[in-house]
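Visitor: Can you read through this structure? Questions will come right after.
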Amino acid sequence: MLSVLRGHDGRAVEECLETAHAMPSETLIRNETDRNDCRADGLNTILLAQAAAGDHECVDVEGSGDSAVRLKRLGICSGRRLTVLRSGDPMILRVVGSRIAVSRSLARSVVVAAVSAAAGAEVRSE
Amino acid sequence: MTTDRAPAEGTARENGTAQEHSAGAARVIRVALTGNPNTGKTSLFNRLTGLRSRTANYPGVTVEIRRGVWTDGERRFDLTDLPGLYSLDALSPEETVARRFLETDSAADVVVLVADSTNVQRSLYLASEVRELQVPLVVALNLSDAARAEGIRIDVDRLSRELGCPVVSVSARTGEGLSELSAAVVSAAGETPVLPAPSIDLPVVASEPASCASGCSRCAFAARYDWAEQTARASVDAPAAEDQISAADRLLTHPVIGPVVFLALMAGMFFLIFSLADVPMTLVDTAFASVGDFVGGLFPAGPVHPVAWAAGTVSLALLTFAGAYRLAGISWTRLSGTAAVAVASATALLPPDELRSLVVEGIIGGVGGVVIFLPQICILFFVISLLEDSGYMARAAFVMERFMRFVGLPGRAFVPMLSAHACAIPGIMATRTIENRRDRLVTILVLPLLTCSARLPVYSMVAALLFAGSPGTGALVFTGAYILGITAALMSAWVLKKSILPGDTEPLVLELPPYRLPALRSALLTVWDRARVFLQNAGTAILMFSVILWALAAWPRLPESDLPSPAADQVAALRTEAAQAAGDRAEELSGEADRILRQHQLSHSFAGRIGRAVEPVFRPLGFDWKINVGVISSFAAREAVVSTLAIVYGLGEDGIDDEASLVETLRRQKRDDGRPVFSTATCLSLLVFYVLAMQCLPTQAVTRRETGTWKWALLQFAWMTVLAWTAALITYQTASVLTSA
């Protein structure tokens, strides 16, 4: 789990997520304190809809309906690297080796963390 | 329940093939093809089966699956092409069918999972799920030529060990690896105990995707993708993926350039349809006319012995039924057998003249009027199939998404809507790419409002009536009609989404597959398949309604002796004159007599009576009873109104070939009070009515086929008829006030 985050302080990240996941998912987003805590540990979580072009790490997919399943089965699910190729509505991502277009309304339900350029390069070189 | 049938069939076949085996023939192995969308699964199916495939509805649901026969040397495989899947979490009816098929143990002997060699990791996700179903599995790494070109090297043996099943590199395009695939399938079919599935440390709730609502990190998706990533990394050596979108995509998905390119491509497609389809359409028309003439000539001219006649017609009718049932795949049950015998006996009761009219005008003419659109449908599907295979269609859906969302439809609805401007039928068939059933239904329901090519003869007639031969104003009529159709379709979609099919449009999640050179062979096979589906429709529902409409216009018969007095005298005079004249002149005179007879026959028939009966309904629209006859007889095919008006106004059927004389005749028509029938208000009202009215039976049949019930076809008909009537009423009343003022 979260193996892609090697190079970061993986342990801290995982603990932070663990705490977050112990709560109902709405709390994860709505509770600013928690998000700030995560940020303090070096994990800036934002919504995919706001993500700029570049590499991101998927942290969580909100919701439980068909839309969430449609995202997750394509690989937009925690632990995967999401590379934003073009922001906008719909936005274009690279996920698990393919380009996926996602409308902004769905991208709002995806929580991502920025991946530093160094970590990104390291993962890719493997 | 549908799956229950599969095991029974399987056992029956197995017994049959066991006997074959003892006779020395190889056992037929049933193979199911599954895989992600865009992995070239259908291309592989087409490559393996060629023309030996057919499209069938999955029992009980409206999902189509294709079955075919693949032979490799002595070996014979029964192939089933399942709808594409990203995972076994089925959401659409298509995916549910595919999943159910895979989960039914005895539905297939071997499952072949078609994977994309250029992106093994993604395909491994589904592979890990299918693997756990404990079915004999073979993974076919398709697109191996493309992967080689991209410098991707796959350690097939390693992958095979990781997956615990045979893995074969194939290419549907070049045909490489197909015999290895067949060998792998044969050996997999023989293995009863399957190898252990790859061990993935799945959370306990793995089978319940909904339960990972609160945080995905512990759910099956993440665990499987982790496994897929590790496995792919161990056995695939691929250059790093680009972090940029390609130059082509930068243009084609650009918010401004993208739609412009798309519209230009579609304009090109329409140019192709209208320029290329013209010649084959004329050919179809002439072919049906000459077949009609030929068959008409076979009927005996003089009196025939009643017994010989009855025996001959019954046996011919039964032969026709046998052929038709075979073509449509209907088996001889008690019901279908009784229907055939009943119809065959009924035809024997018809006198030769009536039967000739039925066969030539009702059957051959009716079906010919529908088959004439086959060239357009074929070209449309050819182009759509090429665009789909090239990967462009996903970009088109992407750029149109923002525009279509205004009316509550997904971007994918745009291509069907555009296709419907040639013919609604391929448009409706093309809605299969819309995943959400509700969105798909709305699209199907509004498609026939768009101006199809069958409306053009009507527009052209009205334009000529309104503005004699002035091309500028004529173009105005056409443009107005197109805009009215588009507006009505978009508004109807909006209304439907707000009323009977409520719900938000499913937000876009769409894979943009890599661009690939489409395979011509595969596109042609798709065309062949679609054309066959269309013709089967023409052969069943459409044929039946053609016969009913023929009967309405032909009966009750008006004998020449019963003609009303002025017409009777006229006909008698013409006949006498014809008898005295010779050659062309005689033919011309008796033709004139026949024409008058036909005119009165039509007004005497059920169609004529209904036309009069519904006068109160259509009078507010400015239609007289003769126009009503046109409306009724064009119920099955709207363009028929032109020829019906030609007959009912006494011009004869040849009148349609000469638009100028038809328009002249129509203009001269006066109402009882001396005003012209085709006033400006009536012409506009007629135009609006034909823009919006259903008036197309083949479309109804296809709607029924694609939605699974007559309910939606009836709703479509009712909605369009009400819309057409109301709009024509408003047009007529407004225009009457304006023109009289």
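Visitor: Across peptide B:82-95, what mean number of C-beta atoms from other chains lies inside 10 Å of a residue's C-beta?
Guide: 2
Visitor: Separate question: Please compute the average number of Cβ atoms from other chains found within 10 Å of each residue's Cβ in peptide B:500-512.
Guide: 5
Visitor: Under a cut-off of 26 Å between alpha-carbon atoms, report the lysines in cross-link reach of B:LYS498, not counting same-chain residues fewer than 8 places apart.
Guide: Counting by Cα, and skipping residues close in sequence, B:LYS498 has these lysines nearby: B:LYS711.
Visitor: Mind sorting B:SER92, A:SER109 by how few other Cβ atoms lie within 10 Å of their own Cβ, fewest first?
Guide: Listed from fewest to most nearby Cβ atoms, that is B:SER92, A:SER109.
Visitor: Ratio of Rg to Rh for the stretch B:523-740, alpha carbon only, Kirkwood?
Guide: With Rh from the inverse mean 1/r over Cα pairs, Rg/Rh is 1.04.
Visitor: Just report the Cα centroid separation between the stretch B:414-478 and the stretch B:65-135, whole Å.
Guide: 38
Visitor: Could you pull out every residue, at least 5 positions away or on a different chain, whose amide H is within less than 5 Å of the one on B:LEU79? Hs are placed 1.01 Å off N in the peptide plane, and Pro or chain starts have none.
Guide: Here the answer is B:VAL31, B:GLY68, B:VAL69, B:TRP70, since their amide H atoms fall under 5 Å of that of B:LEU79.
Visitor: Based on Cα coordinates alone, diagonalise the gyration tensor for the stretch B:242-315, multiply each eigenvalue by 5, take square roots, and list the semi-axes in whole Å, largest first.
Guide: In descending order, the three semi-axes are 60, 15, 8 Å.
Visitor: Given just the C-alpha atoms of the stretch B:277-326, how large is their convex hull per residue in cubic angstrom?
Guide: Hull volume normalised by residue count: 69 Å³.
Visitor: Right, another one. Out of all Cα-Cα pairs in the stretch A:38-97, roughly what percent, to the nearest whole number, are more than 12 Å apart?
Guide: 68
Visitor: Return a whole-number percent for the relative contact order of chain B, with Cα pairs under 8 Å and 6 or more residues apart as the contact set.
Guide: Answer for chain B is 10 percent.
Visitor: May I ask for the angle, rounded to the nearest 10°, between helix B:456-466 and the longest principal axis of chain B, with both axes built from Cα atoms and the value confined to 0 to 90°?
Guide: 40
Visitor: Apply the Karplus parameterisation 6.51 cos²θ - 1.76 cosθ + 1.60, with θ equal to phi minus 60°, to every residue of the stretch B:616-630 and state each ³J(HN,Hα) to the nearest whole Hz, in sequence, with x for glycine and proline.
Guide: Running phi through 6.51 cos²θ - 1.76 cosθ + 1.60 with θ = phi - 60° gives x, 6, 9, 4, x, 8, x, 8, 9, 5, 5, 5, 4, 4, x Hz.
Visitor: Using the 2.2 N^0.38 Å rule of thumb for compact globular proteins, work out how chain B stacks up: its C-alpha Rg over that value, please.
Guide: 1.12
Visitor: Which of the lysines could a cross-linker span from B:LYS41 if the Cα-Cα distance has to be under 27 Å and same-chain partners fewer than 8 positions apart are dropped?
Guide: A:LYS72
Visitor: Another question about this same structure. I'd like the projected area of the stretch B:304-343, averaged over all directions, using the convex hull of its alpha carbons. Report it in nm² with one decimal.
Guide: Seen from a random direction, the Cα hull of the stretch B:304-343 projects 2.8 nm² on average.
Visitor: So what's the angle, to the nearest 10 degrees on a 0 to 90 scale, between helix B:659-668 and the longest Cα principal axis of chain B?
Guide: Taking Cα atoms only, the helix is inclined about 50 degrees.
Visitor: Same structure, new question: How many Å³ per residue does the convex hull of the Cα positions in the stretch B:498-599 occupy?
Guide: Once divided by residue count, the hull of the stretch B:498-599 is 280 Å³.
Visitor: Over the Cα atoms, compute the radius of gyration (one decimal) and Dmax (the largest Cα-Cα distance, rounded to a whole number) for the stretch B:280-372, in Å.
Guide: That works out to 14.6, 42 Å for Rg and Dmax.
Visitor: Taking the Cα atoms only, what angle lies between the long axis of helix B:220-235 and the longest principal axis of chain B, rounded to 10 degrees?
Guide: Tilt of helix B:220-235: around 70 degrees.
Visitor: Here's something else I'd like to know. Given the peptides B:391-397, B:160-166, B:412-418, arrange them by the average over their residues of other C-beta atoms within 10 Å, most packed first.
Guide: The densest-packed peptide leads the list: B:412-418, B:391-397, B:160-166.
Visitor: Across peptide A:63-71, how many C-beta atoms of other chains are within 10 Å of each residue C-beta, on average?
Guide: Mean shielding count: 6.
Visitor: Through the Karplus equation 6.51 cos²θ - 1.76 cosθ + 1.60, θ set to phi - 60°, convert the phi angles of the stretch B:523-535 into ³J(HN,Hα) values in whole Hz; use x for Gly and Pro.
Guide: 5, 5, 5, 5, 4, 4, 5, 5, 4, 5, 4, 5, 5
Visitor: Moving on to the next point. Cut-off is 10 Å between beta-carbons; in what order do B:ARG704, B:ARG47, B:ARG575 appear when sorted fewest neighbours first?
Guide: In increasing order of surrounding Cβ atoms, one gets B:ARG575, B:ARG704, B:ARG47.
Visitor: Hey, what do the phi angles of the stretch B:357-373 turn into as Karplus ³J(HN,Hα) couplings, whole Hz, using 6.51/-1.76/1.60 and θ = phi - 60°, x for Gly and Pro?
Guide: 4, 4, 5, 6, 8, x, 7, 5, x, x, 5, x, x, 9, 5, 4, 8
Visitor: For B:THR576, B:THR49, what ranking results if the residue with the fewest other Cβ atoms within 10 Å of its Cβ goes first?
Guide: B:THR576, B:THR49
Visitor: Another question about this same structure. Would you mind getting me the FRET efficiency between B:GLU176 and B:GLU132? Use the beta-carbon distance for r and R0 = 30 Å, nearest 0.05.
Guide: Result of the calculation: an efficiency of 0.50.
Values quoted throughout were computed directly from the atomic coordinates according to the rules given, and no laboratory measurement underlies them. What you see is a predicted model; the values in this text were computed from it and never measured. Here Cβ is always computed from backbone atoms with ideal geometry, including for glycine, and neighbour counts include all displayed protein chains.
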